[in-house]
Amino acid sequence: MSGSVGRPRLTVEQYAREGSWVVAARGELDADSIAPLDRATQAAVAAVPTLVVDLGAVTFADSSALNLLLLLHHSTALRVAAPQPQLMRVLHVTGADRVLNIYPSTDHACAAKT
């Protein structure tokens, strides 16, 4: 967890929805805080065929988040839901938005057929 004063702690929620496993992150994703999301997603990769990572409540993400998403993309059927504008810029600048399956919401990601 992040130890910086004033920075939100990262929390992770997980649940099944429409045949997918959703891992929802809330807070900031950086090298100091990403461990709970990494653990949750790695466990899901081993257990479910489709993983939705809901980033709608992520307020900051750095290259560690990008790295985790790309690793997950190579490990499972990954759907990225609701990335905020700052993260979308990172995904666009790096070209990851052309590689990852990105959806505007968890609803859309869970309902997708591909």
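The values are calculated or read from the model by the stated rules, or taken from the named source; none is laboratory data. Fair warning: this is a prediction, and the values are worked out from it, not measured in the lab. Cβ sites come from the backbone with ideal geometry, for glycine too, and all protein chains shown count toward neighbours. The accessibility values were calculated without ligands, DNA or RNA, using every heavy atom of the protein model including side chains. Shrake-Rupley method; radii C 1.70, N 1.55, O 1.52, S 1.80 Å.
A search for C-beta distances below 6 Å between a residue of segment 20-32 that is without any contact (Cβ under 8 Å) to a residue 40 or more places away in the chain and within 15 Å of V48 (Cβ to Cβ) and any residue that is polar (S, T, N, Q) and open to solvent by less than 10 Å² (accessible area, probe 1.4 Å), counting only pairs 6+ apart in sequence or on different chains, returns V23/T41. If the condition is being surrounded by fewer than 17 Cβ atoms within 10 Å (Cβ to Cβ) and at positive phi, then segment 17-34 contributes E18, G19. In this structure, is L37 surrounded by 19 or more Cβ atoms within 10 Å (Cβ to Cβ), farther than 18 Å from K113 by Cα and not acidic (D, E)? Taking the combined requirement at face value, the residue satisfies it. If you check Q42, Q84, which single one turns out to be open to solvent by 50 Å² or more (accessible area, probe 1.4 Å) and touching a residue at least 24 places away in the same chain (Cβ under 8 Å)? From the options Q42, Q84, the qualifying one is Q84. Whenever a residue of segment 93-114 is open to solvent by less than 40 Å² (accessible area, probe 1.4 Å), its partners that are part of a helix (DSSP H, G or I) and not aliphatic (A, V, I, L, M), lying with C-beta atoms within less than 7 angstrom and at least six residues away or across chains, give the pairs L100/H73. Residue under question is V53, and the condition is that it be within 19 Å of T94 (Cβ to Cβ), surrounded by 14 or more Cβ atoms within 10 Å (Cβ to Cβ) and touching a Ser or Thr at 6+ places or on another chain (Cβ under 7 Å); does it hold? Against the criterion (within 19 Å of T94 (Cβ to Cβ), surrounded by 14 or more Cβ atoms within 10 Å (Cβ to Cβ) and touching a Ser or Thr at 6+ places or on another chain (Cβ under 7 Å)), V53 qualifies.
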